[in-house]
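J.: Here it is, the structure in full.
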Amino acid sequence: MLKKYKKLANVIFKNNTKDFNIRKTIEELQELSLILTQQLNKPHKDFNDEIIKEIADVKIRLLYLDTIYNKTAIYNRMIFKIKKIIKNVNNRG
């Protein structure tokens, strides 16, 4: 089912300029950052629904970035970063 939505997202992306799509990506990232910060600053309050909404919005916008940047390079960087984090975690103890 996700493939169907990726195709629909690509239609949306193609109907907007690259600059517009990048600005929307930045906007969604900022909104996610804000709600996560609010959750940390107000641990007694439940922002779960808002966080889920913003994560979904960011994931949609990241689909666009996957269409304009080298997926293999992104994947390779992810693997490098995961290995680095694992090494750091293992070195703590």
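The values are calculated or read from the model by the stated rules, or taken from the named source; none is laboratory data. The structure presented is a predicted model; accordingly, all values stated were derived computationally and were not measured. Methodologically, a virtual Cβ is constructed for each residue, glycine included, from the backbone with ideal geometry; neighbour enumeration extends over all protein chains shown. SASA here: full protein model, heavy atoms, side chains in, ligands and nucleic acids out. Shrake-Rupley method; radii C 1.70, N 1.55, O 1.52, S 1.80 Å.
J.: When residues of region 33-55 are filtered for being open to solvent by 50 Å² or more (accessible area, probe 1.4 Å) and part of a helix (DSSP H, G or I), how many remain? Walk me through it before giving the result.
T.: First pass over region 33-55, keeping only residues open to solvent by 50 Å² or more (accessible area, probe 1.4 Å): 33-34, 36-38, 40-46, 48-50, 52-53, 55.
Filter once more, keeping what is part of a helix (DSSP H, G or I): 33-34, 36-38, 40-41, 48-50, 52-53, 55.
Final tally of qualifying residues: 13.
J.: Out of region 19-46, which residues are in contact with a Phe, Trp or Tyr (Cβ under 7 Å, 6 or more places away or on another chain) and β-branched (Val, Ile, Thr)?
T.: Within region 19-46, Thr25, Ile35 meet the criteria.
J.: Of all residues being within 16 Å of Leu65 (Cα to Cα) and surrounded by 14 or more Cβ atoms within 10 Å (Cβ to Cβ) in region 11-32, which is farthest from the chain's Cα centre (by Cα)? Just the residue, please.
T.: Per the stated criteria, the residue is Phe13.
J.: Also, quick follow-up: Would you please list the contacts, defined by Cβ atoms under 6 Å and residues six or more apart or on different chains, that run from a residue in region 54-66 that is at pLDDT below 95 to a residue that is among the aromatic types (Phe, Trp, Tyr) and assigned to a helix (DSSP H, G or I)?
T.: Within 6 Å, the pairs are Tyr64/Phe13.
J.: For the subset of region 56-93 comprising residues that are aromatic (Phe, Trp, Tyr) and open to solvent by 90 Å² or more (accessible area, probe 1.4 Å), which member is farthest from Lys3 (Cα to Cα)? Write out each step before concluding.
T.: As a first pass, look at region 56-93 and keep what is aromatic (Phe, Trp, Tyr): 64, 69, 75, 80.
So of that shortlist, the ones also open to solvent by 90 Å² or more (accessible area, probe 1.4 Å) come out as 69, 75, 80.
Details: Tyr69: 19, Tyr75: 19, Phe80: 27 Å.
The extreme case among them is Phe80.
J.: Here's something else I'd like to know. Please name all residue pairs, on different chains or six or more residues apart, with Cβ atoms under 8 Å, provided the first residue is in region 11-35 and is over 14 Å from Ile60 (Cα atoms) and the second residue is acidic (Asp, Glu).
T.: Ile35/Glu50; Ile35/Glu54
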